[in-house]
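The values are calculated or read from the model by the stated rules, or taken from the named source; none is laboratory data. This one's a predicted model, so the numbers in the text were calculated from it and none came from an experiment. Virtual Cβ from ideal backbone geometry, glycine too; neighbours counted across all protein chains shown.
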Amino acid sequence: MNNELSLFESATGENFWDMLNKDSNSDILIMFQDAMEADSRMFRLSLKDCSHVFEGLESLVDVAGGTGVVSKLIHEAFPNIKCTVFDQPQVVANLTGNEYINFVGGDMFESIPPAHAVLLKWVLLDRDDELSLKILKNSKEAISHKGKDGKVIIIDIAIDETSDDHGLTELKLHFDMVMLTLHNGKERERKESEKLIYHAGFSRYKIFPICGFKSLIEVYPNFN
């Protein structure tokens, strides 16, 4: 794996996630979680605009799903989908699930629980290409038992300077700089995302604009 330090880590001596999680009661962690939950509630609009992406799914793993806000919204909109919120053990340790939403601790770089679909919301932008490729390959393995019916759903920012207006491009590039500074991550152009998707072993994808500046990418495996 790429061990190059991010600018944040070079300046502070620790990576962003270690800093964030070293005190479960810190104001910084609480503010971060509140911000992520607020952003996740916007996902309700995506469910309405892209309902066809989720229709017919039996199960879904929400990778790095935090407290399960997104999974709860998915279950509200599609009661037949059983959701697994998958995050670091310390994140989900004290969270209680039910018949349709359960919490599982683990490491997405090692493996991802099996499901009909894997949701990667704000996951790949935090990682460089090497780590993102590992996550995508593990996602493909997680849906392998569903054959051609399995899918990976990516929610991220797709930079397109040829079709986006100046203001939108500026906003996306701002996020790109933030991800580079904090994590050595990046917001990718469509051709960069496409390269990762195919390199991970997927055969095709569809991309839909959502919530103004974000994109939903529906990715399908190449199973015979």
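Can you give me the number of residues within the range 123-173 that are assigned to a strand (DSSP E or B) and at pLDDT 65 or above?
Matching residues across the range 123-173 total 7.
Can you name the strands (runs of 3 or more DSSP E) wholly within the range 40-114 that have at least 3 residues being over 18 Å from I143 (Cβ atoms)?
Correct list: 101-105.
Which of the residues belonging to the range 85-112 are of a type in the set (A, V, I, L, M, F, W, C) and more than 18 Å from L29 (Cα to Cα)?
Selection gives V85, F86, I101, F103, V104, M108, F109, I112.
Please verify whether the range 37-49 includes one or more residues that are at pLDDT below 80, in contact with an Asp or Glu (Cβ under 9 Å, 6 or more places away or on another chain), surrounded by fewer than 14 Cβ atoms within 10 Å (Cβ to Cβ) and aliphatic (A, V, I, L, M).
No, the range 37-49 contains no residue that is at pLDDT below 80, in contact with an Asp or Glu (Cβ under 9 Å, 6 or more places away or on another chain), surrounded by fewer than 14 Cβ atoms within 10 Å (Cβ to Cβ) and aliphatic (A, V, I, L, M).
Any residue in the range 1-13 that is surrounded by 10 or more Cβ atoms within 10 Å (Cβ to Cβ) sitting within a Cβ distance under 7 Å of a residue that is modelled with pLDDT under 80 and part of a helix (DSSP H, G or I)? List the pairs, counting only those 6 or more apart or interchain.
Short answer, once both residue conditions are applied: S6/T181; S6/L182; S6/H183; L7/T181; F8/F16; F8/T181; F8/L182; T12/M19.
Whether any residue in the range 17-32 is free of Cβ contacts under 8 Å to residues at least 24 places away in the same chain and basic (K, R) is what I want to check.
The answer is yes, given that some residue of the range 17-32 is free of Cβ contacts under 8 Å to residues at least 24 places away in the same chain and basic (K, R).
From the residues in the range 50-75 that are in contact with an Asp or Glu (Cβ under 6 Å, 6 or more places away or on another chain) and among the hydrophobic types (A, V, I, L, M, F, W, C), which one is nearest to S6 (Cα to Cα)?
A64
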